[in-house]
Amino acid sequence: MTNKVYHSNSKQFKKDFPIIKKLIDKNIIVYTKFEHKVEEIKKIDKADIINSTNKVYLNQEQKHAIDSIDHFNLFQVYLLYGITGSGKTEVFLNLIEKVLLNNKKIIYLVPEIGLIPQTKHRIQKRFNCPVYDYHSEIRVSEKKLIINECKTRKPLIIVGTRSTIFLSINDLGMIIIDEEHDSSYKQQDSFRYNARDIGILKAKIYNIPVVLGSATPSLESLNNVKQNKYKLLTLLKRASNLELPRITIYDIKNTFNKSGISDFLLNKIKIHINNNKQVLVFLNKKGFSDSLICNECGWISECERCEKFYTLYMNSKKLKCNYCLHEKPIDIQCLSCGSTQLHPLGFGTEQVQKYLEESFPNKKVIRLDGESTKDKSKFLNTLKDIENKNYDIIIGTQLITKGHHFKHVTLSALVNVDSALFSNDFRAIEKLNQQVIQVSGRAGRESFKSEVIIQTHFPEHSFFSIIKQQNYLDISKNLLKEREIYNLPPFSNHIIYRSKSINSDESYEYLMILKSFINKQNKNILTLGPSPASIRKKAGLYRWLLILQHDKKSELFKVINEVELFISRNNLKNKVKSSIDIDPLEST
Ligand SMILES: [Zn+2]
Ligand SMILES: [Zn+2]
């Protein structure tokens, strides 16, 4: 006996039915009816879940972006490009509403733990459904609760940092990845992964939309738009119709400046804080000064394990190597000539803080950098204090460039961006461009005219003429053209083999052996190096790198497999530690 199964709605069934009917009537075949139950996804009552009193008026661009996503049971990557203050979050909230009404769950990724509270707060104001935060700091019991909740059939939202993407979730309806350009989405050590890329893969498996948001999208994502892999949604106006801040490029050559702050900038800061507004000062250097120098012989206190200068931390009274994290008490005598004339060289956030506190004794200054954020709950309270205007001046490293909503800031200042102008990393200008736009974007988000001041020794550098236009897409187009000419990512693919050893020659030799093996096997793979890493020595280990380049990633994966076999067959890993970085974000 054989079975044949028809779907009752199929054309074939309708066509064959007269014959089937005759055969059934003659008892020649047996007819069995199966009922295939498609479980109806219960629609949720809008009133139960939406807090409509907190809904905000949307402008045309926002409405258009929201309406552009109308298939929620279909995989598609959307890139929501919106200038700073254009109301991207409002677009996300409206999309979340649609997904919740279908009784589904949402993952909402942010790059930093410090961004979770403000995001969670805005979501909770709008929806009466559970909103959980998920990150490295939550307790095991909370983690267990969330894992269980993910298996239920009720709508909920999880706001979290990169590891959230690995949660196993029933009825996942959408993934949002905010600040998609941020390098924090990539875990750079041990198990290397990029949460943005995993998020896209996950959306593909679940067959749902994934929305990437940014005011400064990565060149990779913009190139994917160009190739029609991603759909672009744009918000080019500030939501409240406010103007973008005015940018001044200030030449600090031959001017008086102390602790990195020019008199011009000091004066501007004074005007803004006396107007009862907040000022943001951005500087990508922690500590009090870059190093400690002997005024008599020029000796500089250096970490032997890394061959890099110690950074001076005045608050904690120590010298610390920012590379291997080794600490020691501050030297009181020169180790070369014995002089006690030791002085700080260069400046970091601690020194800027000290100078501004001395200049404005009646105003409150807060510093946000890696040192001040070790205690997460204290950091979150500080963010609240900033919002409540308990501080007048906020000084910070790249941490303050990440999507924080400082509504009382009317002046953003970038104290020292010059080193990025001459970096040998081909991504340096892309990163600087993102940094400048993100820092600028912290100013003037609510009301009042705002401005941005960038101090530099090189005002004639071409970067400044393009940055003044504040047109990120145009700038990116030019950067992409450059990458295309030199066949750099995203127009080719990179993987990096990194090696480290106490013996520099062994570290180098190891990569040389890999290089000659690869060159022999694969004539079409471009190998660059081995070259010393930009941090040549770290914690006593000498570091080298070998870059592999090819147009097709699949070719590179083949090579990785061949090399792994080659390494294990020849027992090469004995003395050298090595790692592979696929799609590296840093090539130095
Ligand atoms: Zn060190
Ligand atoms: Zn000396």
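Could you tell me whether any residue of region 37-49 is in contact with a Lys or Arg (Cβ under 9 Å, 6 or more places away or on another chain) and either of a type in the set (S, T, Y) or at pLDDT 70 or above (or both)?
No - not one qualifying residue is present in region 37-49.
Which numbered condition in (1) closer than 30 Å to H326 by Cα; (2) touching a strand residue (DSSP E or B) at 6+ places or on another chain (Cβ under 7 Å); (3) part of a helix (DSSP H, G or I) is the only one that M512 fails?
Here M512 meets the rest and fails (1).
Could you look through region 259-284, keep only residues that are farther than 19 Å from P245 by Cβ and open to solvent by 70 Å² or more (accessible area, probe 1.4 Å), and pick out the one that is nearest to the chain's Cα centre (by Cα)?
Residue satisfying both the conditions and the ranking: N284.
Take the residues in region 75-113 that are hydrophobic (A, V, I, L, M, F, W, C) and in a loop (DSSP other than H, G, I, E, B), then tell me which one is most open to solvent (accessible area, probe 1.4 Å).
So the residue we want is F75.
Going through S450, S423, S412, S465 one at a time, which residue ends up being in the same structural domain as Y355 (by TED's automatic domain parsing), of a type outside the set (A, V, I, L, M) and at pLDDT 90 or above?
Unique residue meeting the criteria: S412.
Considering only region 558-582, how many residues are of a type outside the set (S, T, N, Q), open to solvent by 30 Å² or more (accessible area, probe 1.4 Å) and over 25 Å from the mean Cα position of the chain (by Cα)?
10
Out of (1) touching an Asp or Glu at 6+ places or on another chain (Cβ under 8 Å); (2) open to solvent by 30 Å² or more (accessible area, probe 1.4 Å), the odd one out for K226 is which?
(1)
For region 336-343, state whether one or more residues are touching a Lys or Arg at 6+ places or on another chain (Cβ under 8 Å) and open to solvent by 30 Å² or more (accessible area, probe 1.4 Å).
Within region 336-343, none of the residues are touching a Lys or Arg at 6+ places or on another chain (Cβ under 8 Å) and open to solvent by 30 Å² or more (accessible area, probe 1.4 Å).
Out of region 464-506, which residues are aromatic (F, W, Y), assigned to a helix (DSSP H, G or I) and surrounded by fewer than 20 Cβ atoms within 10 Å (Cβ to Cβ)?
Selection gives F464 alone.
Quickly run through region 258-275 and pick out the residues that are among the polar types (S, T, N, Q) and either in contact (Cβ under 8 Å) with a residue 60 or more places away in the chain or within 16 Å of ligand 2 (Cβ to nearest atom) (or both).
Scanning region 258-275 gives S259, S262, N275.
Residue by residue through region 308-333, note down the ones that are surrounded by fewer than 19 Cβ atoms within 10 Å (Cβ to Cβ) and within 16 Å of ligand 2 (Cβ to nearest atom).
If the condition is that a residue be surrounded by fewer than 19 Cβ atoms within 10 Å (Cβ to Cβ) and within 16 Å of ligand 2 (Cβ to nearest atom), then I330, D331, I332, Q333 are the ones that fit.
Mind listing just one residue for me: the one in region 293-307 that is open to solvent by less than 10 Å² (accessible area, probe 1.4 Å) and within 15 Å of ligand 1 (Cβ to nearest atom) and, of those, farthest from P329 (Cα to Cα)?
C306
May I ask you to list the residues in region 426-459 that are in a loop (DSSP other than H, G, I, E, B), open to solvent by less than 20 Å² (accessible area, probe 1.4 Å) and among the charged types (D, E, K, R)?
R427, R442, listed by residue number.
Could you grab me the full set of residues in region 295-346 that are touching a residue at least 24 places away in the same chain (Cβ under 8 Å) and over 29 Å from A533 (Cβ atoms)?
Across region 295-346, the qualifying residues are N295, E296, C297, M314, N315, C334, C337, S339, Q341, L342, H343.
Going by the structure shown, is I138 outside the structural domain of K402 (by TED's automatic domain parsing), more than 16 Å from R196 (Cα to Cα), without any contact (Cβ under 8 Å) to a residue 40 or more places away in the chain and open to solvent by 40 Å² or more (accessible area, probe 1.4 Å)?
no
Condition check: away from ligand 1 (no atom under 16 Å from the Cβ), of a type in the set (G, A, S), open to solvent by 40 Å² or more (accessible area, probe 1.4 Å) and touching a strand residue (DSSP E or B) at 6+ places or on another chain (Cβ under 8 Å). Does S419 satisfy that?
No, not satisfied.
The values are calculated or read from the model by the stated rules, or taken from the named source; none is laboratory data. Owing to the predicted nature of the structure, the values given are computational and were not obtained by experimental measurement. Note that we place each Cβ from the backbone using ideal geometry, even for glycine, and neighbour counts take in every protein chain shown. Calculation scope for accessible area: heavy atoms of the full protein, side chains included, ligands and nucleic acids excluded. Shrake-Rupley method; radii C 1.70, N 1.55, O 1.52, S 1.80 Å.
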